[in-house]
Amino acid sequence: MVHLRKSNTEPIIRIYTEAKSQQEANALADKFINEISTLANS
């Protein structure tokens, strides 16, 4: 599960992930970070 939230006080997007393991949660977060970065830089 992934939850994205725009910060109201900073120019950032918070990414919260939940998975069966820490490695899976980190992989999900990394995937979304890469996708958001790609969209922001296009």
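The values are calculated or read from the model by the stated rules, or taken from the named source; none is laboratory data. What you see is a predicted model; the values in this text were computed from it and never measured. Positions of Cβ are generated from backbone atoms using ideal geometry, with glycine treated the same way; all protein chains shown enter the neighbour counts.
Here is how the numbers come out for the structure above:
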| item | result |
| --- | --- |
| Any hit, segment 29-37, residues being modelled with pLDDT under 95 and of a type in the set (S, T, Y) | yes |
| Residue check, I36 exposed (fewer than 10 other Cβ atoms within 10 Å of the Cβ) and among the hydrophobic types (A, V, I, L, M, F, W, C) | no |
| Members of segment 4-23 found to be under 15 Å from E35 (Cα atoms) and either in contact with a Gly (Cβ under 9 Å, 6 or more places away or on another chain) or loosely packed, with under 10 Cβ neighbours inside 10 Å (or both), listed by number | I12 |
